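In what follows, a single structure is set out as structure tokens and then discussed.
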């Protein structure tokens, strides 16, 4: 297991390099110029060139990439071109905010998904099944930014029950678990939970339905096990696959939804990326994508290990 | 009812009457929460980014400049007024030298004195690479707006000389963009920072200027809180506190206002305006020096080299129809400056809608339904000051087609358009476009006219994208820079503008009117004819 762990961690190195390289090149290939993050649109050519030199953006691309890589190897993600703040200072706050939102959305989405999927799989073909499948399809199909706007119109603008934007009356820096703060989390979390809820519902339904048809379930029933006992066996057998899907979904949620965070002005990684893309703020883009990619790798590793713990038949040698 | 309760009721009943009878400043209280269009807090180190929205919200309220815009009136174009300098003059013996007399008794928010040393220090922060506090980040944001400024020299405690690379009568206007940060505060922060860059970062988190507000809280990417500067040298702010929130998405801004999370939003979504009005919100707007044009290419082979074609396009546009499309939120332009502006001049060509005349001019130039004029315009999908580029350009496309003008668009993203704008219409980035659609600010005549119409401003120097080259305009631009008497300067600018209109050097399509929506509780707000507002005036009732 230790050797497996070390190998998986080492795998992350080429992934990090590839992510950094692809991200760097994509920004270079895309039209536009990172210098626009620092100079106004009407800046004369000589000023633009002067600033480009000051920031080292006139150096050949391999040199720029090499410099960035050396810094990253020393744990320095660089500074934002637009704000001058360290990428890590903005990114760490944004990750914290996105984690909070992702956790709330995951909790809601996974719980609902497991319940609906479990019920649908158990009572396949029933009205309950059709309602659950319909809900799941709607969850996956509805554009979540649209849903976010509709929720805002209903609950913020019309009913005035919940805030329309932001991470709290004093911003995310003042976060505490009181109603004034928590109510800012509700609408974005509900919006973000809809897709994982749909996917988990469909996955769990499929797995449960398949397990329910297996002979061991019939045998368990034949042996006179109670419904609760059979249910526990089904859950145990369904858990590894469901966990894999939930792990992936959590990874997507952690990436932060650019659209949902923009609609709700939620100061997470999605909003950070959104601004960085429009401003061509290369260090922020590279740093954020790199950290999120590593998070994804780590999450997959954790999920793999949890699958092994739940089902020892899955060997990770 | 006993006597005590009767008296109490009477007093309570009188309170509203007393309150409405009090003069404005006595009610000066409250926190105004503003939803900006910016995606992040504009920089707070003294030279804001995020375009003029940055100057509006973290420049002017926190810092002052030597010269300032008069933002106290809505009924006339903003003019230049004394700021931290009480008077200024060009040295008649050396026209590259300006003498500025500084305001006495002004203190920075940290309590240090504003004086000639502070001015020299602030000029050096962007112009002197050897200065310990030189900040490359502020260079691009500053010197592009004062292209001829070279250095500053202290004459005495309250007098400084500023030097330009060539005689430049526009320097006082340019200087509205150079905000004075506190040298003493920076030095204190530098003492505990590893380098100048870190010191500027610390300064941005805890800035010190001389402005009517001082920053009390800075949460990166989320909010800035400012409180009234009780020691301000001029008229003090009426509101006690201002909170700035970046809300880049227009629907989110509108929802934030309607749900009471903010009191004021910039640029509400146009289709939300009827709903905002129905909910009692105030919608404010005013003409601002903001031009939304098509800028022609004058390179060899461009059909726009023919003045008849340029005039025809100016006459062909149904600006009233466009105004309806925008819910009334635009003004039909008659040039870069409105007709009542001192720089408008007396052009012989009147910009208006006259389709018959447009058709005649096009026919004279050899175009019509049988031989259509094919134009390619590079436009953006969105962008700072671009209003609603897709809807507006599609309207123009439809509007021009019956006259035999076929418009095709090369649609790019805003950042790309800005890069292409700097490269000119002969560059590959123009992809054969005959015109480009980049809106611009025109308060400063250099940015409103000279950078487009002087031949030496062609790329890569500046924004003469179309490579317009006419010695008459070069001469008129020189005359502007050498007109040091204010009346003479106005006359020189009026001549230049009138000539530009006569030559139809732009297709002038719209002036933005900067719509804002605000809570009915906001009082005292003045929307000047400017990109900026003075946050000293509004307050919450």
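The values are calculated or read from the model by the stated rules, or taken from the named source; none is laboratory data. What you see is a predicted model; the values in this text were computed from it and never measured. Cβ: placed from backbone, ideal geometry, glycine included. Neighbour counts: every protein chain shown.
Of everything in the range A:11-56 that is in a loop (DSSP other than H, G, I, E, B) and over 17 Å from residue B:49 (Cα atoms), the residue that is nearest to the chain's Cα centre (by Cα) is A:30. Per the listing A:204, A:284, A:200, A:208, the residue uniquely buried (at least 19 other Cβ atoms within 10 Å of the Cβ), modelled with pLDDT of 90 or more, within 14 Å of chain B (Cβ to nearest Cβ) and part of a helix (DSSP H, G or I) is A:284.
Across the range B:225-248, the qualifying residues are those that are more than 10 Å from chain A (Cβ to nearest Cβ) and in contact with a helix residue (DSSP H, G or I) (Cβ under 7 Å, 6 or more places away or on another chain), and the one among them that is farthest from residue B:518 (Cα to Cα) is B:238. The set of residues in the range B:416-453 being touching a residue at least 24 places away in the same chain (Cβ under 8 Å), farther than 30 Å from residue B:476 by Cβ and within 12 Å of chain A (Cβ to nearest Cβ) consists of B:416, B:431. Once the range A:247-274 is narrowed to residues that are more than 11 Å from the chain's Cα centre (by Cα), touching a residue at least 40 places away in the same chain (Cβ under 8 Å) and assigned to a helix (DSSP H, G or I), the residue that is nearest to residue A:204 (Cα to Cα) is A:260.
Screening residue A:96 against (1) part of a helix (DSSP H, G or I); (2) more than 14 Å from every other protein chain (Cβ to nearest Cβ) leaves a single unmet condition, (2). Residue A:59 satisfies every condition listed in (1) assigned to a helix (DSSP H, G or I); (2) modelled with pLDDT of 85 or more except (1). Identify all residues within the range A:57-87 that are within 14 Å of chain B (Cβ to nearest Cβ) and out of contact with any helix residue (DSSP H, G or I) (no Cβ under 7 Å at 6 or more places or on another chain); write none if there are none. Correct list: A:76, A:83, A:86.
Considering B:229, B:195, B:177, which residue is at pLDDT below 95 and buried (at least 18 other Cβ atoms within 10 Å of the Cβ)? Explain how you work it out, then say what you get.
Numbers: B:229 fails: at pLDDT below 95; B:195 fails: buried (at least 18 other Cβ atoms within 10 Å of the Cβ).
Result of the check over B:229, B:195, B:177: B:177.
Within the range B:137-172, work out how many residues are crowded, with 21+ Cβ neighbours inside 10 Å and closer than 29 Å to residue A:84 by Cβ. Of the residues in the range B:137-172, 17 are crowded, with 21+ Cβ neighbours inside 10 Å and closer than 29 Å to residue A:84 by Cβ.
I'd like to check something: does the range B:117-129 contain any residue that is part of a helix (DSSP H, G or I) and surrounded by fewer than 17 Cβ atoms within 10 Å (Cβ to Cβ)?
Let us first name the residues in the range B:117-129 that are part of a helix (DSSP H, G or I), namely B:117-127.
Checking which are surrounded by fewer than 17 Cβ atoms within 10 Å (Cβ to Cβ) leaves us with B:117.
Taking every residue of the range B:117-129 in turn, at least one turns out to be part of a helix (DSSP H, G or I) and surrounded by fewer than 17 Cβ atoms within 10 Å (Cβ to Cβ).
One line per residue, one yes/no per condition, for (1) within 14 Å of chain B (Cβ to nearest Cβ); (2) over 23 Å from residue A:95 (Cβ atoms):
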position	(1), (2)
A:220	no, yes
A:233	no, yes
A:247	no, no
A:269	yes, no
A:272	yes, no
A:275	yes, no
A:294	no, no
A:302	no, no
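With respect to residue A:219, is the statement that it is surrounded by fewer than 22 Cβ atoms within 10 Å (Cβ to Cβ), in a helix (DSSP H, G or I) and touching a helix residue (DSSP H, G or I) at 6+ places or on another chain (Cβ under 9 Å) true? Spell out the reasoning first.
Details: surrounded by fewer than 22 Cβ atoms within 10 Å (Cβ to Cβ): yes; in a helix (DSSP H, G or I): yes; touching a helix residue (DSSP H, G or I) at 6+ places or on another chain (Cβ under 9 Å): no.
No: the conditions fail for residue A:219.
Residue pairs whose Cβ atoms lie under 8 Å apart, sitting 6 or more positions apart in sequence or on different chains, and linking a residue in the range A:22-51 that is at the interface with another protein chain (Cβ under 7 Å from one of its Cβ atoms) and at positive phi to a partner that is modelled with pLDDT of 75 or more and outside any helix (DSSP H, G or I), are A:32/A:280; A:32/B:413. The residues of the range B:493-509 that are surrounded by 23 or more Cβ atoms within 10 Å (Cβ to Cβ) and within 22 Å of residue B:95 (Cβ to Cβ), listed by number, are B:493, B:496.
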